[in-house]
Amino acid sequence: MARPASPERSRLARKLGRDAESCERAARAPVRELLGSSTASRLGFAFRDNLWAVNLMSKARQAALISCLRQSDLDPDPFNQFDRWFKLALESNLPEPTAMTLATADREGTPSARIVLLKAYDQGGFTFFTNFESQKGRELAGNPRAALVFYWPQLNRQIRIAGPVSKIAREESERYFETRPFESRVGAWASSQSQPIHSREELDNRMEELLRQYEGKEVPLPPYWGGFRLVPGWFEFWQSRPNRLHDRFRYTRLSEHTWKIERLSP
Ligand SMILES: Cc1cc2nc3c(=O)[nH]c(=O)nc-3n(C[C@H](O)[C@H](O)[C@H](O)COP(=O)(O)O)c2cc1C
């Protein structure tokens with residue numbers, strides 16, 4: 001026999017029911033309805049996503065109207081899903097939308113993490129550039145697996161990705177290196193990333209010397225600098241909801257182009 005609900009449980013059930021309803025409404029409601037049509041017109045209706053509109057509201061209204069993420073909203077291919085969220089992040093004037101935490105570990109499994117910039121992505125993987133002799137470079141040489149995390153607080157979204165990592169072809173690194181400003185290319189020669197230095201002066205003097213040396217000349221790609229590509233074995237897409245009952249979906253790779261999607265507990 002079902003246990004009679006306590007007043008507290010009934011209140012909670014009603015609240016969750018209301019939240020679920022308002023979430024469904026918010027997911028369907030157009031931006032104009034959420035913002036009010038005059039505000040939407042004043043803002044030029046530049047928003048393509050209800051979530052972005054929700055972010056402009058007071059915390060209280062956000063909690064009531066925040067969008068929900070349902071499995072039916074997801075693309076079956078996590079790269080397409082990533083593309084959707086990443087493009088919105090790029091269009092949303094966020095401070096560093098391409099910044100991602102890169103977690104690596106040494107051979108013994110001791111982890112370390114830092115921010116790097118995502119420079120390219122496609123079905124082949126996620127590419128970032130760095131110094132191969134840095135701490136991350138050395139850790140990846142000994143233990144070629146890593147995890148990435150994007151967090152866009154203004155969009156209430158996080159994406160986690162993990163998988164094996166390998167160096168990209170040197171020609172590909174060269175093509176990217178050539179697009180970098182002159183000073184950044186010289187900087188790659190001036191800095192032994194992650195090595196101790198005696199003083200700032202030592203670095204500045206080295207940079208000045210190299211700027212003079214390369215003035216008017218091609219700056220070649222240093223042998224210890226280039227790109228790594230992470231090939232995802234899994235992705236997780238996270239979107240916040242009230243009461244910490246967030247939406248999380250994990251894609252696990254079953255074969256090259258087949259993915260299993262599961263909802264995870266928040
Ligand atoms: C916003 C931001 C972007 C960064 N982008 C890169 C990058 O693309 N590549 C890189 O090697 N370091 C980048 N860094 C510096 C790294 O966080 C880190 O300090 C450096 O790579 C040395 O890390 P390691 O000693 O763990 O190898 C960035 C830092 C910040 C805050």
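The numbers here are math on the coordinates, done by the rules we state, and not lab data. These numbers were taken from a predicted model, which means no experiment stands behind them. For neighbour counting, all protein chains shown are included, and Cβ atoms are generated from backbone atoms with ideal geometry for every residue, glycine included.
Of note:
- Per-residue 3J(HN,Hα) values for the range 166-175, derived from phi via the Karplus relation 6.51 cos²θ - 1.76 cosθ + 1.60 with θ = phi - 60°, read 9, 5, 7, 4, 4, 4, 5, 5, 4, 4 Hz in sequence order (x marks Gly and Pro).
- Most to least packed among 199-211, 175-187, 122-134 [average Cβ atoms within 10 Å]: 122-134, 175-187, 199-211
- For the range 159-190, the residues whose amide N sits under 19 Å from a probe point set 7 Å from the Cα of Asn205 along the beta carbon direction are 187, 189-190.
- The slack in the chain from Asp83 to Thr179, taken as 0.36 nm per residue of separation less the alpha-carbon distance, amounts to 32.3 nm.
- Stretched out straight at 0.36 nm per residue, the stretch from Gln213 to Val116 would grow longer than its current Cα-Cα span by 32.1 nm.
- A simple packing score, the average count of other Cβ atoms within 10 Å per residue, orders the peptides 113-119, 76-82 as 76-82, 113-119, with the highest score first.
- Order of Thr98, Thr110 under a 10 Å beta carbon neighbour criterion, fewest first: Thr110, Thr98
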